[in-house]
Number of protein chains: 2
Amino acid sequence: MACAMILSSCSFGGKSKSSSKSDNYTTTGSAASGTYQGVIENGRYKTSKARGVTASNNDNTFNVKSFESGLTNISKKVFSTKSYIFQEGQYLSKSTVENWLGRVSKSNKTGLNPKKGKTNGTRNPVYIQSIEEQDYMKQNGNDLKLHGITVGIGLNSVDYYKKTTNGPTYSQNISDAAMKSYGQQAAQKVIKRLRQKKALKNVPIVIALYKQASDDSLVGGTFFEYSVNNGSSVGTWKKLNITNKVLPKASDATSTNSGNETDNTDFTNFKSQIQSFFPNLSGVTAQAQYENGTLSGMHITVTTQFYSETEISSFTQYISTAAQKYLPSGIPIDIKIQTSTDMQAFVYRDSGQKKFSSHVFDSY
Amino acid sequence: MACAMILSSCSFGGKSKSSSKSDNYTTTGSAASGTYQGVIENGRYKTSKARGVTASNNDNTFNVKSFESGLTNISKKVFSTKSYIFQEGQYLSKSTVENWLGRVSKSNKTGLNPKKGKTNGTRNPVYIQSIEEQDYMKQNGNDLKLHGITVGIGLNSVDYYKKTTNGPTYSQNISDAAMKSYGQQAAQKVIKRLRQKKALKNVPIVIALYKQASDDSLVGGTFFEYSVNNGSSVGTWKKLNITNKVLPKASDATSTNSGNETDNTDFTNFKSQIQSFFPNLSGVTAQAQYENGTLSGMHITVTTQFYSETEISSFTQYISTAAQKYLPSGIPIDIKIQTSTDMQAFVYRDSGQKKFSSHVFDSY
């Protein structure tokens, strides 16, 4: 790792030159409240050494997005966005992560997944589906210094596999208990290996465990625990109570608590209100996230046919008003209004905002 | 036309009932500054009587959007968004507009386009490609009353046609002078016909002429003149000086004025700055609109490959900063950041705003 990293203080485009190195560092610019600045090296974004591995290991893109943004959210609990700068993982290379994600064998001694098991015995599933590293830096005079890393481990709730290359896909369910136990053991190995790297000897290492949603899920998985570690073995696990749901709830689904029931009713009222606006509106669905049983945010998608620009404009206005009236206050919500091919308009209320903003995508 | 239209004053969902009719009217909700409220009838958006005709007559979707939003912009010059309510056109039916758009013949006496011409003589092109009506209402006690209409006439700069049903497509260019002259004559006929409708006898009628862009254009056409009429013939035409351009300019394009040259340089600097951020960024293009030779707005599209959520987040932040630094101030600009299939993030500065806002599309 370069020891002379220069970061010009929050200055975009203004480049500083190290006396001993030709590397130039800047950041992505003054960040919005609650988001990290990222590191730019020689005018290029400093991408992850294991770039693309997480995405290529997931058939459900909801898992990819929720794993990555969920990991950032856990980092925010430990590394304040005000004092830390985000850097894509630089210590785990692509081949390292790929080996770790493999099954352990003579040719892959670092594999974190178990041997397949005997042909006539029980099959051992692939537990660990993805690993992602994030680095958190601080300015230190003119240098940029690593002050902590976060590693997310994505665990399968269902392991999908093929018996022959072009054969059908089979699936093996993994119980929550088995997944958690296997994940915690893997975390122990990971932290030991990380501590062997010189640069990672003394920084806090956050490890977080994520339960992947099944491939047919319309919402990604969730992180269920994390630990902040200063030593070379995992300390206390902090439990996270995060659940994702799809709304409106299927009519035969059982209610888990009365709060969720109210949210579903609110959303159904919103949906009915806007579905009556146009004939032939295709769909209104939402991803809802709960923290400790309370709704913490929603991503809503409204699928339309191709409407005229004035229709889209009126519809967007109507949706903003309906959202303000029917949807829960005090949480971030975004609403995409789109045809099968294009986003037509967009309504959102960020965290901390009281009113919805909207934008209609126009063209000259 | 119903004479007892009830509009509850800006109240969303609150429905008023006419004593003589069962129609219930509300509006789409309190509108953002500079946009119209629309009319909702019995809980449904009051769609145009000629809904879909404009879209189905255009192979270039940029023309569709720019025709519709350009027409709304002209209406705003005459009917203030503060005192008028927008209603989709209710006086020209689908069949009426379709007949008007046809060639005049024994079976279609109202056709506004000329006969094709003799087989061996010169072909008369189809001049008029689209017609769209917008209604502008005011509250009058408990009633909603028509106070003016706007009619846009879309004229071909190139007429595309086939000699046989499945044969190749031919094109015939139409000069600006011929297009304008034909459009003005058609406008005379249109206003005469509109005045024959009882409801349209005494309201101001705005007629606006639009020059369609060719089918291969990456930007739509523009309105070039309009007139506000109280009588039954077209009065004075007011010239509009609006042009659309695609940036960056092709290297062999000739400069039209030095202002455009500066805008192109600004955009090229912005483009270079953000293209260096990632390897393999596919494209950065813009639609730019000029009014009276001055840049009045931009729609920018940044095409990316599939990036991770943290990469998109950093990239969006970087783009916001670069936009603030390189792009002209004081005009509305929006920037779509998208893969070939999905919008990943969005950066924009609305009219009157000083700073760019951004949103990254996330998933649970």
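Each value in this text was obtained by applying a stated rule to the coordinates, not by laboratory testing. Quick caveat, the model's predicted, so the values are computed rather than measured. All Cβ positions, glycine included, derive from the backbone under ideal geometry; neighbour counts span all protein chains shown.
Okay, here's what the table says:
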item: Mean Cβ neighbour count within 10 Å, used as a protection proxy, ranking A:62-73, A:286-297 highest first; result: A:62-73, A:286-297
item: Partner chain coverage, peptide B:343-349 - average Cβ within 10 angstrom; result: 2
item: Lysine pair number, Cα distance threshold 21 Å (strictly under), segment B:245-360, separation 8 or more or different chains; result: 14
item: Centroid-to-centroid separation of segment B:193-209 and segment B:264-284 [C-alpha atoms, Å]; result: 49 Å
item: Theoretical ellipticity at 222 nm over the protein assembly as shown - DSSP helices of four or more residues, -39500 (n - 2.57) apiece, nearest 500; result: -7500 deg cm²/dmol
item: Other copies of A:Asn99: label-to-label distances in nm, shortest first, labels 7 Å along the beta-carbon direction; result: 8.0
item: Förster radius 51 Å - calculated FRET efficiency between B:Ser175 and A:Tyr161, Cβ distance, rounded to 0.05; result: 0.15
item: Gap separating the Cα centres of segment A:211-249 and segment A:328-345, nearest whole Å; result: 25 Å
item: 10 Å Cβ neighbours from other chains, averaged over peptide A:268-280; result: 2
item: Average partner coverage of B:354-361, which counts Cβ from other chains inside 10 Å; result: 3
item: Whole-Å distance, taken between Cα centres, linking segment A:47-101 and segment A:134-187; result: 9 Å
item: Mean Cβ neighbour count within 10 Å, used as a protection proxy, ranking B:104-117, A:82-95 highest first; result: A:82-95, B:104-117
item: Packing-based order for A:308-321, B:333-346, using average beta carbon neighbours within 10 Å, highest first; result: A:308-321, B:333-346
item: Calculated label separations, B:Ser56, copies of the chain, 7 Å along the beta-carbon direction, nm; result: 4.8
